[in-house]
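Engineer: One structure, as structure tokens, below. Some questions next.
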Amino acid sequence: MAIYFLLGRLSHEGQRMLHGNPDLVSDTAASLEIEGARILGQYAVLGHYDFITMVLADENEAVARLSAELGARTGLHFETLAGVAVGFMAEHDPAGGVADVASAELRGG
């Protein structure tokens, strides 16, 4: 399992869609079901991007499917970054098992 960060910018059409439905992004994310990928959190942000979405996924293909589907439904254009926990070369898990817990939840266990 890997953590991904989707940095999203609204297109002009996405801005119009969001103006008509302020809950568009959160509602769409909540209803989206992509096998092998799960949205862990979403944030509206200030700056170059409008939204950041944190995703746990089995593989690159799963996060690509999620990104394409979420973008098509919301008018968001995404730049996707794979995340690696700080201290990844240490023998212990610096994330305190967060990825393992989220991974187990994604598998239903």
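Engineer: What's the number of the condition Ala30 fails, among (1) modelled with pLDDT under 95; (2) surrounded by 12 or more Cβ atoms within 10 Å (Cβ to Cβ); (3) under 13 Å from the mean Cα position of the chain (by Cα)?
Structural biologist: Ala30 satisfies all of (1) modelled with pLDDT under 95; (2) surrounded by 12 or more Cβ atoms within 10 Å (Cβ to Cβ); (3) under 13 Å from the mean Cα position of the chain (by Cα) except (2).
Engineer: Among what's in segment 16-60 and is among the hydroxyl-bearing types (Ser, Thr, Tyr) and out of contact with any Ser or Thr (no Cβ under 9 Å at 6 or more places or on another chain), pick the residue that is farthest from Leu76 (Cα to Cα).
Structural biologist: My answer is Ser31.
Engineer: Tell me, which residue of segment 15-27 that is surrounded by 11 or more Cβ atoms within 10 Å (Cβ to Cβ) and charged (D, E, K, R) is farthest from Asp58 (Cα to Cα)?
Structural biologist: Within segment 15-27, the first condition is being surrounded by 11 or more Cβ atoms within 10 Å (Cβ to Cβ), and the residues that meet it are 15-18, 21, 24-27.
Those still in the list that are charged (D, E, K, R) too: 16, 27.
Values: Arg16: 33, Asp27: 23 Å.
Out of the qualifying residues, it is Arg16.
Engineer: Quick check on segment 17-39: of everything there that is among the charged types (D, E, K, R) and without any contact (Cβ under 8 Å) to a residue 40 or more places away in the chain, which residue is nearest to Glu69 (Cα to Cα)?
Structural biologist: Quick first cut of segment 17-39, residues among the charged types (D, E, K, R) only: 23, 27, 33, 35, 38.
If we keep only those that are without any contact (Cβ under 8 Å) to a residue 40 or more places away in the chain as well, we get 23, 27, 33, 35.
Working: Asp23: 17, Asp27: 13, Glu33: 10, Glu35: 12 Å.
Among residues in segment 17-39 that are among the charged types (D, E, K, R) and without any contact (Cβ under 8 Å) to a residue 40 or more places away in the chain, the one nearest to Glu69 (Cα to Cα) is Glu33.
The values are calculated or read from the model by the stated rules, or taken from the named source; none is laboratory data. Note that the structure is predicted; figures quoted are calculated from it, not measured. Heads up, the Cβs are rebuilt from the backbone with ideal geometry, glycines too, and the neighbour counts pull from every protein chain shown.
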